[in-house]
2 protein chains.
Amino acid sequence: MAEGAQTGTQAQTPARMRRPAAGAPLRIALAGLGTVGGGVLRLIEANGALIARRAGRPIIVTAVSARDRDKDRGLDMTRYAWEDDMTRMAARADVDVVVELVGGADGPALTLARQALRSGRALVTANKAMIAHHGMELAALGEQSGAPLRFEAAVAGGVPVIKGLREGAAANAVDRVYGILNGTCNYILSTMEDSGRDFADVLAEAQALGYAEADPAFDIEGTDAAHKLAILAALAYGTQIDFTAVETTGITRILAADIAEAEALGHVIRLIAMAELEGEGGRGLFQRVQPCLVPFDHPLAHVDGPTNAVVVEGNFSGRLLFQGAGAGDGPTASAVVADIIDIARGIAQGFEADMPFSVPVANLEALPPAASGHRRARAYLRFIVADRPGVLAEITAAMRDAGVSIESLMQKGRADSEGEVLVAMVTHEAPEAAVTEALRLLDGSPSLLAKPLVMHLIEK
Amino acid sequence: MAEGAQTGTQAQTPARMRRPAAGAPLRIALAGLGTVGGGVLRLIEANGALIARRAGRPIIVTAVSARDRDKDRGLDMTRYAWEDDMTRMAARADVDVVVELVGGADGPALTLARQALRSGRALVTANKAMIAHHGMELAALGEQSGAPLRFEAAVAGGVPVIKGLREGAAANAVDRVYGILNGTCNYILSTMEDSGRDFADVLAEAQALGYAEADPAFDIEGTDAAHKLAILAALAYGTQIDFTAVETTGITRILAADIAEAEALGHVIRLIAMAELEGEGGRGLFQRVQPCLVPFDHPLAHVDGPTNAVVVEGNFSGRLLFQGAGAGDGPTASAVVADIIDIARGIAQGFEADMPFSVPVANLEALPPAASGHRRARAYLRFIVADRPGVLAEITAAMRDAGVSIESLMQKGRADSEGEVLVAMVTHEAPEAAVTEALRLLDGSPSLLAKPLVMHLIEK
């Protein structure tokens, strides 16, 4: 603003907006003391001096809250004021920033987030579900009170991809944003790849090792990745978050045989979350989470274990890749505290330019989901069929009748299931609608012993 | 700052600091209309509406300057005021930000940069040499006048790694920062790898294709990577930039045989720039640019062609990877304009917290270069020796006498050089000083027909 406009801007600043004095500590209330919450406390303790130096002020935790006060967390909790009712932290005079690490799209996390932002306190959260479902409402609350809302840790754990997209790639029209957003799925897929074992077996191991939850549905069905994708898409395209429009397929139906076949074709299988804006003839937002075949020479093919990676394809930057640990106490705490440092650096100045989605919420577009039928891609199709004459002719006839041309085809018996044969093929590039039509023609055929699996190929 | 402290802060703000009114265009003067300068003009033209939306104000170019006014750049230059003397742009009333894309550590670029910052105008530059040599002076000038200094495009082209390190990883003590910072070298090495051809041959091709300069010394001798590393190290460790302390080795002595041998050992060769802070017993800053063997399962092993990639290992984040195009008009323009957008977003508020090295220049440590002799690593050693009895015994005896244990060794004749034999070995982990001592013992031996080549192995 012009210096002369100073008074005018002050007048726009809501009275509740909280600004500690220059150099004064930035005071944090921390809700949720699980893995990530503990990580944040340990990080601030270990790196406190360095952070104060970089942020221009110390960052201190004044109050904490969690479900169980008496749990041994291996940390000295007596230094922090305890609140049994976490929402009370948003009313404490000694709190500038509320850090929400409780989780859950609704419930106490959402109540706390709303109260923090309404009270003019900054909100930092790692809660992808809450942002995916309520991000627009929360951003609007922050706008009204002038309080920053930050959620770097909500997407790709410790990887600063929100910042990379919102600021690093800010000069670009984003052609496509896509990546590996769920560490559990990536661990399972890359372990299946390395070991040749089947899904259920590797999932059980991942649960035993703590890489997968006791109830793994959120991860393996793709919901978690879809939450993150919806956030990235809104940032990339200036649209409202539309989680419900994400087409989501998980990894539960992938067989060891699929992975072996993909490898023979020069690919690995990864759960890919992807968003694109459709332009010509009716604008729409395409958002999909789906296992895909990724060629060996694509950077995402080398993302193994619980690692996350996001590709941003900008119209000037070309392909940018952001990669790192997608979860875990240390990496997630790193992202949470990076947000706090940004606030500590920026809080001396005001929040007018610090809108979480770059533009005022009211200016975000509400786009319909893009139809996907006309999208052209090569597809991997896998059938489990009865081992009898004519089945292959039936399948290939359906492909022909739907206008889908076959690039390669493999058929082999299943060692552990007598009478069953696995047929896998890769089509030439074709509209998705044509592949859907081919499968519709085969629907109900007694030859098919299981629902066919469809995965698209990512091109290098 | 506290709202009550507003007046005090205003008093600290230098009178010359320039702030356009809220929503008013941010006005750019562009010095240098080569590849990158043209890219910036094209980007602002192509993405102008989107940028205005994201930045909260339009970004417009008001004045331009370059050596040759009459050159056809395929762009309509009549819209911009032309300055024959580029330094005059820093005095124009219609300029808020000076973008320096002239290049060269000194000369007109430096004069312009100094004048821009002294006048309170923001400076955005892609000039790694100037920042590596004069970054401390320029940052101090910006501090004095309150003008931001930004140089995202100076390191890794379009990849937002300065932002990733300075902000994204801000919560971490950085254990190590390293990466591939020179696209020309990486193009040459990965092409040698794919084609089996020798260095000189691939360099000539790279020059013909425009991937290498007519005078390639700056790139292939490692100087360009060293400039960038010195900048990254200062950001990672809060130290003064110390370009002269970077130990630099280029790629000119690498043979096709080295690449083949590395591959047989499960490695690729990449020019790696690396910085680490030494703690125990005397603090020092280790900075080195050197061809290294990178194992296939390391993310940097898959960085091919002119791509750049930087790994930041934080004590909480773990390994973060930032990757993308290291040069070119589009990617570099993307980084330049990202800096301009940051300024456009932040300029409404002031620059107090926007220090290019996070802390005031006066607070950056001046650390001595760290000694490297005690560093432990596995090393690849390659000798070209006379094809006669006893040579291998002589080499292995020197290794033994220096206390260096050999992990693997290969000897083979050179097809194109009769009487010459190539001996390549990988040592077990050993202090660098021991390997140096072994080579000293062999120094002057008539058996050695060329200076031995030493490259360290990066561990996964």
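General remarks:
- Residue pairs meeting the criteria (Cβ under 8 Å; at least 6 apart or on separate chains; first free of Cβ contacts under 8 Å to residues at least 60 places away in the same chain, in the range A:37-56; second of a type in the set (Ser, Thr, Tyr) and surrounded by fewer than 24 Cβ atoms within 10 Å (Cβ to Cβ)): A:Arg53/B:Ser358
- Within the range A:391-420, being buried (at least 18 other Cβ atoms within 10 Å of the Cβ), farther than 29 Å from A:Ala245 by Cβ and among the β-branched types (Val, Ile, Thr) holds for A:Val391, A:Ile395.
- When the residues of the range B:110-165 are filtered to those that are among the charged types (D, E, K, R), over 18 Å from B:Gly328 (Cα atoms) and in contact with a Pro (Cβ under 9 Å, 6 or more places away or on another chain), the one that is nearest to the other protein chains (Cβ to nearest Cβ) is B:Lys163.
- Counted residues, the range B:150-187 - those being under 26 Å from B:Gly37 (Cα atoms) and either touching an Asp or Glu at 6+ places or on another chain (Cβ under 9 Å) or in a loop (DSSP other than H, G, I, E, B) (or both): 20
- Members of the range B:188-215 that are free of Cβ contacts under 8 Å to residues at least 60 places away in the same chain and in a loop (DSSP other than H, G, I, E, B): B:Arg197, B:Asp198, B:Gly210, B:Ala212, B:Glu213, B:Ala214, B:Asp215
- Of the residues making up the range B:322-337, those that are within 7 Å of another protein chain (Cβ to nearest Cβ) and in contact with a Gly (Cβ under 6 Å, 6 or more places away or on another chain) are B:Phe322, B:Gly324, B:Ala325, B:Gly330, B:Pro331, B:Ala333, B:Ser334.
- Filtered residues of the range A:78-96 (kept if out of contact with any Lys or Arg (no Cβ under 6 Å at 6 or more places or on another chain), under 13 Å from A:Arg27 (Cβ atoms) and part of a loop (DSSP other than H, G, I, E, B)): A:Tyr80, A:Arg92, A:Ala93
- Restricting A:Arg388, A:Arg375 to those that are over 29 Å from B:Thr307 (Cβ atoms) and surrounded by fewer than 18 Cβ atoms within 10 Å (Cβ to Cβ) reduces the list to A:Arg388.
- Residue in the range B:441-450 that is within 22 Å of B:Ile251 (Cβ to Cβ), crowded, with 18+ Cβ neighbours inside 10 Å and under 33 Å from the mean Cα position of the chain (by Cα) present: no
- Residues that are buried (at least 22 other Cβ atoms within 10 Å of the Cβ) and of a type outside the set (A, V, I, L, M), drawn from the range A:121-142: A:Arg121, A:Thr125, A:Asn127, A:Lys128, A:Gly135, A:Gly142
- Residues of the range A:25-50 satisfying the condition of being buried (at least 19 other Cβ atoms within 10 Å of the Cβ) and assigned to a helix (DSSP H, G or I): A:Val36, A:Gly37, A:Gly38, A:Gly39, A:Val40, A:Leu41, A:Leu43, A:Ile44
- Any hit, the range A:295-315, residues being acidic (Asp, Glu), in the same structural domain as A:Glu213 (by TED's automatic domain parsing) and free of Cβ contacts under 8 Å to residues at least 60 places away in the same chain: no
- Whichever residue in the range B:338-361 is more than 7 Å from every other protein chain (Cβ to nearest Cβ) and at pLDDT 95 or above and, among such residues, is surrounded by the most Cβ atoms within 10 Å (Cβ to Cβ): B:Asp339
- In the range A:430-449 there is at least one residue matching the filter, namely being at pLDDT 95 or above, in contact with a Pro (Cβ under 8 Å, 6 or more places away or on another chain) and not assigned by TED's automatic domain parsing to the domain that holds A:Leu255.
- Selected residue (only one of B:Arg69, B:Arg53, B:Arg57 is over 26 Å from B:Val155 (Cβ atoms), part of a loop (DSSP other than H, G, I, E, B) and within 14 Å of another protein chain (Cβ to nearest Cβ)): B:Arg57
- Every residue from the range B:222-264 that is of a type in the set (D, E, K, R) and surrounded by fewer than 18 Cβ atoms within 10 Å (Cβ to Cβ): B:Glu247, B:Arg253, B:Glu263
- When residues of the range A:14-48 are limited to those that are farther than 24 Å from A:Gly328 by Cα and facing chain B (nearest Cβ under 8 Å), the one modelled with the highest pLDDT: A:Ala24
- Here the condition is being at pLDDT below 95 and on the phi > 0 side of the Ramachandran plot; of A:Gly281, A:Gly266, it holds for A:Gly281 alone.
- Any hit, the range A:366-385, residues being under 30 Å from A:Arg57 (Cα atoms) and more than 8 Å from chain B (Cβ to nearest Cβ): no
- Residues considered: A:Leu149, A:Leu181. Of these, the only one that is farther than 17 Å from A:Val303 by Cβ and either touching a Leu at 6+ places or on another chain (Cβ under 8 Å) or crowded, with 24+ Cβ neighbours inside 10 Å (or both) is A:Leu149.
- The lone criterion from (1) free of Cβ contacts under 8 Å to residues at least 12 places away in the same chain; (2) of a type in the set (A, V, I, L, M, F, W, C); (3) under 18 Å from B:Ile458 (Cβ atoms) left unmet by B:Phe218 is number (3).
- Count of residues meeting criterion [in contact with a helix residue (DSSP H, G or I) (Cβ under 8 Å, 6 or more places away or on another chain), more than 10 Å from chain A (Cβ to nearest Cβ) and assigned to a strand (DSSP E or B)] in the range B:291-319: 6
- Among the residues of the range A:382-432, those that are of a type in the set (S, T, N, Q), farther than 15 Å from A:Val454 by Cβ and not in a helix (DSSP H, G or I) comprise A:Ser405, A:Ser408, A:Gln411, A:Ser417.
The values are calculated or read from the model by the stated rules, or taken from the named source; none is laboratory data. Every value quoted in this text rests on a predicted model; they were computed, and no experiment measured them. Ideal geometry is used to build each Cβ from the backbone, glycine not excepted, and the neighbour counts take in all protein chains shown.
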